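In what follows, a single structure is set out as structure tokens and then discussed.
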Amino acid sequence: MVESTIGRFVDGRPKLPSGLAGSISHKYPYVVTLAGLKTEVLSLGVDIERVDKWNAKTAAVFSLSRDFSNFEDLNLPFHIFSSILFSAKESAFKALRAISDADTITLKTISPSISLITNNIYNFSVCLAAYQCSGHAIVIDNKWVIATAWVD
């Protein structure tokens, strides 16, 4: 019999039925989820965040200076760029940790390259060890960021 229940590992990651990749995120009052077939993607990650009032000191908790290399090219306020950066890192972290238990994968070791696709939709990519992680982030009403990441 094939297990069809969605459970949870001790560390909080979703435990999905065989053949599925997926991720979940929540920030009151919203929950987002992402699922796909492992024949299409190796892993997935999703994150939802409020656009916070980040400054250089608070952003340093999850980022390094190299993470801001293309900040000026995007012509965004610092707090919006930092919210996109955090959400991109978090979704990539979830996708990468789903396929690797390496303790070296942290928000600070994930350094996405971020570019604008179109109004409020951004592309990002992360190369970490043997994995290439890609993703998209969308800014909604300058209040929310939802990022999705995948490794294929």
| said: Quick check on the range 27-34. Is at least one of its residues charged (D, E, K, R) and either within 18 Å of the chain's Cα centre (by Cα) or within 22 Å of Ala130 (Cα to Cα) (or both)? | reply: yes
Checked pairs for the range 1-22, first closer than 16 Å to Asp101 by Cα and at pLDDT 75 or above, second among the hydroxyl-bearing types (Ser, Thr, Tyr) and not in a strand (DSSP E or B), C-beta under 9 Å and 6 or more apart or across chains, list as Lys15/Thr5
> In this structure, does Ser134 turn out to be closer than 19 Å to Ser23 by Cα and in contact with an Asp or Glu (Cβ under 7 Å, 6 or more places away or on another chain)?
Replying inline: no
Expected output for the range 120-131 (first residue surrounded by 15 or more Cβ atoms within 10 Å (Cβ to Cβ), partner among the polar types (S, T, N, Q), Cβ below 6 Å, 6+ apart or cross-chain) is Asn123/Ser115; Ser125/Ser113; Ser125/Ser134
Taking the range 107-119 and the residues there that are among the polar types (S, T, N, Q) and more than 12 Å from the chain's Cα centre (by Cα), the one that is most open to solvent (accessible area, probe 1.4 Å) would be Asn119
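Could you please find all residues in the range 134-149 being in contact (Cβ under 8 Å) with a residue 60 or more places away in the chain and either assigned to a strand (DSSP E or B) or at negative phi (or both)?
Those that are in contact (Cβ under 8 Å) with a residue 60 or more places away in the chain and either assigned to a strand (DSSP E or B) or at negative phi (or both): Gly135, Val139, Lys143, Trp144, Val145, Ile146, Ala147, Thr148, Ala149.
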Taking the range 96-131 and the residues there that are under 25 Å from Gly19 (Cα atoms), part of a strand (DSSP E or B) and touching a Cys at 6+ places or on another chain (Cβ under 9 Å), the one that is modelled with the lowest pLDDT would be Cys127
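The values are calculated or read from the model by the stated rules, or taken from the named source; none is laboratory data. Since this is a predicted model, take the numbers as computed values, not measurements. Cβ sites come from the backbone with ideal geometry, for glycine too, and all protein chains shown count toward neighbours. Note: areas computed on protein heavy atoms with side chains; ligands, DNA, RNA excluded. Shrake-Rupley method; radii C 1.70, N 1.55, O 1.52, S 1.80 Å.
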